[in-house]
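Reading through the structure tokens given below for one structure.
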């Protein structure tokens, strides 16, 4: 066994008939290892040549792929993985500005981390980024912290009491709109007129929203905005569930605000509270003039 191994390593030559002879290690290297090195270099050179030849087709592929995407004006994505891939791809391609609308209250921690990761990369490239939340999102510490971090990186963030759909717009050319009632499905819109309409709608919401900058100690202002929105919607005759859905909060939280409001008015019933509001005790339920609000 040992003799066979030494023969394989080139350290022995000859055989039983002619006798065994020890070979110097440097000679063994030259006869055994050097040919392997030459073969490896040859294969590596061939691999690099083949890689370059294959990659030379990449621009053609990307161009045809992008052309096919452009021809598809509407594309439905029915899986969350597809949506994330589309968002990551469009974010990486963004050149000028990304608009984001995130309705509802607090989001999952993983969503914040992913948004901040994309946001940092986008802002570092000089791409503008605007995000719209509802007021209720700022009452959550994790959301407020994320807003603070993104604002310091250069993102513009505003909040509103109005209801809107979750969407993203990239360079005013492509929009991703999440389907109502199914947050795991979305439609990619590339039709220019439709995208222009979406951007115009976003701009109207943005102008009516309140600026959000990093600072501390404005939770009472947030609560006041939410309470006044509740007053306005109740005066319009909306139910607790409808008010909660519109403002992006749970029904329980909405009812707690309503109970606090009734206590402040000294009302014993919803009917009495409605009468007092209509009579003027809470008639200033309209939102105050736009001002700077801090999370």
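The values are calculated or read from the model by the stated rules, or taken from the named source; none is laboratory data. Not measured: the values here are computed from a predicted model. Cβ sites come from the backbone with ideal geometry, for glycine too, and all protein chains shown count toward neighbours.
Of the residues making up region 173-188, those that are touching a helix residue (DSSP H, G or I) at 6+ places or on another chain (Cβ under 6 Å) and either surrounded by fewer than 16 Cβ atoms within 10 Å (Cβ to Cβ) or not assigned by TED's automatic domain parsing to the domain that holds residue 79 (or both) number 1.
Within region 139-163, the set of residues being in a loop (DSSP other than H, G, I, E, B) and more than 17 Å from the chain's Cα centre (by Cα) comprises 140, 161, 162, 163. Can you name every residue in region 159-172 that is surrounded by 21 or more Cβ atoms within 10 Å (Cβ to Cβ), touching a strand residue (DSSP E or B) at 6+ places or on another chain (Cβ under 6 Å) and within 21 Å of residue 143 (Cβ to Cβ)? 159, 167, 168, listed by residue number.
Would you mind stating whether residue 90 is modelled with pLDDT of 90 or more and part of a helix (DSSP H, G or I)? Answer is yes for this residue.
What do you reckon, is residue 187 in contact (Cβ under 8 Å) with a residue 60 or more places away in the chain, farther than 21 Å from residue 81 by Cβ and in a strand (DSSP E or B)? Against the criterion (in contact (Cβ under 8 Å) with a residue 60 or more places away in the chain, farther than 21 Å from residue 81 by Cβ and in a strand (DSSP E or B)), residue 187 does not qualify.
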